[in-house]
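Novice: What follows is a structure written as structure tokens; I'll ask about it next.
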Amino acid sequence: VDGQEALEKSLQSMPDAVLLDWNMPVKSGIEFLRELRASPGGDEPVVVFCTTENDLEHIQEAITAGANEYIMKPFDSEIIQAKFDQVGLIYIGLRHLRLHTLSERSPQSSGEAITWKKRPTIRLTRF
């Protein structure tokens with residue numbers, strides 16, 4: 001899924017959280033984030049950037065645009081759990097994540113936005 005489609009789906013049903021890649025087709029992750037944050041209700045989702053872009057300028061740009069946290073690839077389950085804990089999300093593991101996604105690619109795949117709800121039952125959606 002590309003960044004434009006992810007934004008459209010997010011605006012239709014605002015997620016509680018988004019795991020976002022910087023390098024997405026059609027609309028980059030940073031463009032997605034800026035448009036999400038400028039939209040009604042777009043200030044509510046927790047946004048965690050997950051990307052290979054690891055220089056200070058990219059990290060600063062993402063945080064300034066409204067990202068809550070930043071994860072640099074590659075990462076493992078311990079890193080993602082720690083980051084999710086920092087932003088108040090419950091981590092249920094990559095195996096469980098795959099059960100609720102639309103595709104079988106891992107969240108470390110490039111060009112993806114993953115959203116999920118922080119409600120009592122977490123249902124993950126991969127665009």
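The values are calculated or read from the model by the stated rules, or taken from the named source; none is laboratory data. What you see is a predicted model; the values in this text were computed from it and never measured. When we count neighbours, we look across all protein chains shown, and the Cβ atoms used for this are built from the backbone with ideal geometry, even at glycine. Note: accessible area is taken over every heavy atom of the protein model, side chains too, but ligands, DNA and RNA are not part of it. Shrake-Rupley method; radii C 1.70, N 1.55, O 1.52, S 1.80 Å.
Novice: State, to one decimal in nm, how far the label point of residue 79 lies from the label point of residue 8, with both points 7 Å from Cα in the Cβ direction.
Specialist: According to this spin-label approximation, the distance is 3.3 nm.
Novice: With a 1.4 Å probe and every protein chain left in place, tell me how much accessible area residue 64 has, in Å² to the nearest 10.
Specialist: Roll a 1.4 Å probe over it and residue 64 shows about 120 Å².
Novice: Moving on to the next point. Karplus couplings for segment 35-42 from phi (6.51 cos²θ - 1.76 cosθ + 1.60, θ = phi - 60°), rounded to Hz, Gly and Pro as x?
Specialist: 5, 4, 5, 7, 8, x, x, x
Novice: Put 11, 20 in order of accessible area, largest first, 1.4 Å probe: what do you get?
Specialist: Output order, biggest surface exposure first: 11, 20.
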